[in-house]
1. Sticking with the crude label model, points 7 Å out along Cα→Cβ, report the distance from A:Arg22 to B:Asp54 in nm, one decimal please.
2. Which whole-number percent gives the relative contact order of chain A, counting Cα pairs below 8 Å spaced six or more residues apart?
3. Please list, in chain and number order, the residues 5+ apart from A:Asp56 or on another chain whose amide H is under 5 Å from its amide H, with Hs placed from the backbone.
4. Please check which bits of the range A:50-66 a label hung off B:Gln2 would reach, taking the label as a point 7 Å along Cα-to-C-beta and the cut-off as backbone N under 18 Å.
5. Among rounded, prolate and oblate, which fits the range B:23-63 when a ≥ b ≥ c are the square roots of the eigenvalues of its C-alpha gyration tensor, a/c under 1.5 means rounded, and a/b larger than b/c means prolate?
6. If the cut-off is a Cα-Cα distance under 13 Å, which aspartates and glutamates reach A:Lys78, setting aside same-chain residues fewer than 8 apart in sequence?
7. Run the paramagnetic zone check for A:Ala2: 7 angstrom along Cα to Cβ, then residues of the range A:83-114 with backbone nitrogen under 19 Å.
8. When you look at the Cβ of every residue in B:10-23, what mean number of other chain Cβ atoms sits within 10 Å?
Amino acid sequence: DAGVIQSPRHEVTEMGQEVTLRCKPISGHDYLFWYRQTMMRGLELLIYFNNNVPIDDSGMPEDRFSAKMPNASFSTLKIQPSEPRDSAVYFCASSLGISDNEQFFGPGTRLTVL
Amino acid sequence: AQSVSQHNHHVILSEAASLELGCNYSYGGTVNLFWYVQYPGQHLQLLLKYFSGDPLVKGIKGFEAEFIKSKFSFNLRKPSVQWSDTAEYFCAVNQGFQKLVFGTGTRLLVSP
């Protein structure tokens, strides 16, 4: 398996623009997680899905952020409109289970909002 | 609220020095414990994990961690670090079927 795949790897956009980040989890994994990593706040869980259903979105910062998982092999994280404070590295991870299973992380998308 | 604390934000060591990174959590009861590593420019990878059994867990690349339930700690150790161990290290904890909570990370710099 190629591991968790994320695209794009780098995104530079201007404030106010819509940004869509994409993730393909490892085949067979039932859980998908979106994290945001910044120097100030470290690694934060934004939202996670189980069998394509959002389970906990309490980490989503505000209504500008939305995430979908239309099928078992694809998820998107959308920011609309984007702001400079959204600049961060966004990681997607997947796992077989939630409790004692390792989460496999993707390479991340480095987002810069000017 | 449940939390994970990593008290050392930055650690600088010379090669061959011994390493211990602290991790404390605030959960009561049974927990699952993880250490992840993020090498410069790369994604997070699992170093080791503890679910039950022997509280001394051995992971990849010579790392080990000891679960001390009475101290709510899961410290990461390595007897002799190498330059290639330069990375950021994250402790993570969950309980039952709850989501994984990460610490703020410790940046380790090993000078050759």
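1. 4.5
2. On the way: 291 pairs, mean separation 42.2, N = 114.
Once divided by the residue count of chain A, the mean separation gives 37 percent.
3. A:Tyr48
4. Once the point is set 7 Å along Cα→Cβ of B:Gln2, A:50, A:55-60 turn out to lie under 18 Å by backbone N, inside the range A:50-66.
5. Numbers: a/c = 2.98, a/b = 1.60, b/c = 1.87.
In terms of gyration-tensor shape, oblate.
6. Result set, ordered by chain and number: A:Glu11, A:Glu18, A:Glu62, A:Asp63, A:Asp86.
7. A:91-95, A:104-110
8. On the way: counts 0, 0, 0, 0, 0, 0, 0, 0, 0, 0, 0, 0, 0, 0.
For this peptide, the per-residue mean of nearby foreign Cβ atoms is 0.
Just so you know, all these numbers are worked out from the coordinates, no wet-lab data involved. Remember, predicted model here, so these are calculated numbers, not experimental data. Cβ sites come from the backbone with ideal geometry, for glycine too, and all protein chains shown count toward neighbours.
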